[in-house]
Structures are given as structure tokens and as C-alpha cells.
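The values are calculated or read from the model by the stated rules, or taken from the named source; none is laboratory data. It should be emphasised that the depicted structure is a prediction, and the values quoted were computed from it without experimental measurement. Because the Cβ atoms are built from the backbone with ideal geometry, glycine has one as well, and the counts that use them run over all protein chains shown. Surface areas here come from the heavy atoms of the whole protein model, side chains and all, with no ligands, DNA or RNA. Shrake-Rupley method; radii C 1.70, N 1.55, O 1.52, S 1.80 Å.
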Amino acid sequence: MSDTIEKVKCLIIGSGPAGYTAAIYAARANMNPVLYQGTQPGGQLTTTNEVENFPGYPEGVTGPEMMIELQKQAERFETDVRNGWVTKVDFSGDVHKVWVNETKEIHCDTVIISTGASAKYLGLDSEQKYLKLGGGVSACAVCDGFFYRNQEVVIVGAGDSACEEAHYLSKLCTKVTMLVRRDEFRASKIMAARVKNTENIEILFNTETEEVLGDGQVVTGVRVFNNQTNEKHDIPATGFFVAIGHKPNTDIFKEYLSLDETGYIINVPGTSKTNIEGVFVSGDAADHVYRQAVTAAGTGCMAALDAERYLAAKEANIEVSA
């Protein structure tokens, strides 16, 4: 082994609630975890202004503050938290090989993947502006819908998730306008029927977003156009929700790990185990159903416990064979 190759007992790829929780459990189990934060230290929650549904924060907390506290907790138990991101892996042999920033090579006894998933957005300049300002653009109705109680909002999307989020918002908001790009839903018939039969949801088919309107600080409306007639009009709204899907950050693993058609890592049901022994997954890299901070943290705990048990069994076999 080259002197430039580092050997690590437990490598955690990615931060966020899943990665930091895995680090806390792994560190307390004397696994000496090394955690690389990735391209977005703290994960998606760092783009969330207010988190009010995570247990233990009665007054709520900002996403960045919560991630700082989780990082400090992981470091308190001597987790080695590092800047950088994993650019390549090789899980073909007994040794799990990982490359960081395309240069540093690490050989790992166990790997916990906590790379998350990224919400897809329309890519409009105005959308990105108010997303960064925290002024009314969101990709999670369950996370942020509460802030728009008794207000009017717009949601973009045509699949099951969009219908589910629109229905969720309809119970909080006075009116939900749903923009569907085609002349029909992609959602299942039962989900489409649910939104169609909800009194305060208005569905605009063949309709796309031209611009998210605002006062420079918060969203005040959405300019839309009919893609059949090119007719434009403005919709008053204080919130703009995008529900066009998520992309799991798992591309570098696809050669070795079993992924579903969207790219989510397939884990053994009820565990964090992947198809490769010693490689575990937590958080939104495998979760396309719940995608919440608290569920991500729970699977981070599972991954660390699974990794600990894997190492214990491996060490016991070595002792027996010796």
C-alpha cells in the first residue's frame, strides 16, 4: 500500500442530518469516523430558513444553525469532519476504495453514503432569486407549507408527489393554483381525482411559468402562459412550490450499487445495507417517499449501527480463524 493512501475504519460521504447522525453514533462506538461534507456542507437544509418540525426545537431553528449544531455534536465525539467531496469509488474488491477531490485515495473498512438528493427546479432566474432569499420559493410543501397558512400559493408539477403536495397545501392555504405543463396529469388516476375534487385547488393545464414575481424580498405572484395559445396572465401568490421531482446524488455509485430507475440506492428493507457488504446508505440518497430531516437522521443512526455490527462480525471471524 502506498504511503499516500489513507486507511479509514468508517468513511461517511456527505453531511446533513443523515451524515452527522451517522457520525455521532459511529464516533460513540469508537469507529473513528471520517466525514466529507460534500459540495453542499450541511445538505439541503442549509437552504431552509426555518425548521419547525424537527423534535427538540420548540421555537424552531434555521437550517444552517441546525447543521452547525449537528456538526459540533459530531465533532464533540471526535468525528474528523473534512471539506471536500468524493469524486470516484471502487467497490469491486474486498477493500472499499474512495477518491476525494479526484486525488486523495482512501481505503475504507466501511462506507456510509449520505449524499442526499437535490430538488429539481425550473431554472428561472426569478425562481432562483427568491429561493436564495428564502422569500417564497420552496420544493417541500410538508417542510414549508405552514408558513403560508390562509394565503394563496402556486404549485408546479403533474405527478403523484405534486398532487400529494397540492392536497397538503389545500388544507393550509385559502387557494392553491396548480400548473400542469401538459393537458393531463402524469399522476395516478386516484391522485389526480383527489386534487380535481378539492374545492380550493384550481388546475391550469397547458400552463407554464414565465416568471416568479416579487417585491425584491418576497414572492407576490407568478406570471404564467398557456403553451397552446401563448396567452399570459399573473396569478397573485405569496408562495411558489416546485414539485417536479428530485435527483438523488448517486451517480458515482451506479457502477457498483443497485439503484432504482430514478437513481435512488436500493437498500435491504428494514436496514441500511446495500448490495455491497460494508457499504451502507442513509437519508435521501435512498428515500424517495418521506424526505424529511427527522427520517434522514433516523436512517443515519441505522447505518452507523449496521456498520458497527458488520465490523464486529468481521473482527470476530478474524479472531476465530486465527
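So here's what we get for this one:
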quantity: Filtered residues of the stretch 49-87 (kept if surrounded by 13 or more Cβ atoms within 10 Å (Cβ to Cβ), without any contact (Cβ under 8 Å) to a residue 40 or more places away in the chain and closer than 30 Å to THR4 by Cα); calculated: GLU75
quantity: From the options ILE244, ILE235, ILE266, residue that is under 29 Å from CYS301 (Cβ atoms) and of a type in the set (A, V, I, L, M); calculated: ILE266
quantity: Residue in the stretch 264-274 that is surrounded by the fewest Cβ atoms within 10 Å (Cβ to Cβ), counting only those that are touching an Asp or Glu at 6+ places or on another chain (Cβ under 8 Å) and not hydrophobic (A, V, I, L, M, F, W, C); calculated: THR271
quantity: Qualifying positions in the stretch 275-297 - in a helix (DSSP H, G or I) and open to solvent by less than 30 Å² (accessible area, probe 1.4 Å); calculated: GLY283, ASP284, ALA285, ALA293, ALA296, ALA297
quantity: Test for ALA187: is it open to solvent by less than 20 Å² (accessible area, probe 1.4 Å), farther than 22 Å from HIS233 by Cβ, part of a loop (DSSP other than H, G, I, E, B) and out of contact with any His (no Cβ under 6 Å at 6 or more places or on another chain); calculated: yes
quantity: Selection status of LYS196, within 27 Å of ALA117 (Cα to Cα) and open to solvent by 30 Å² or more (accessible area, probe 1.4 Å); calculated: no
quantity: Out of GLY245, GLY214, sole residue that is in contact with a Phe, Trp or Tyr (Cβ under 9 Å, 6 or more places away or on another chain) and among the small types (Gly, Ala, Ser); calculated: GLY214
quantity: Among the candidates GLU102, GLU50, residue that is modelled with pLDDT under 90, among the acidic types (Asp, Glu) and in contact with a Lys or Arg (Cβ under 8 Å, 6 or more places away or on another chain); calculated: GLU102
quantity: Residues that are part of a loop (DSSP other than H, G, I, E, B) and under 29 Å from ALA313 (Cα atoms), drawn from the stretch 232-259; calculated: THR250, LYS254, GLU255, TYR256, LEU257, SER258
quantity: Residue among ALA303, ALA307, ALA296 that alone is in contact with a Cys (Cβ under 9 Å, 6 or more places away or on another chain) and in contact (Cβ under 8 Å) with a residue 60 or more places away in the chain; calculated: ALA307
quantity: Verdict on GLY38 being open to solvent by 10 Å² or more (accessible area, probe 1.4 Å), touching a helix residue (DSSP H, G or I) at 6+ places or on another chain (Cβ under 9 Å), over 25 Å from GLY145 (Cα atoms) and not in a helix (DSSP H, G or I); calculated: yes
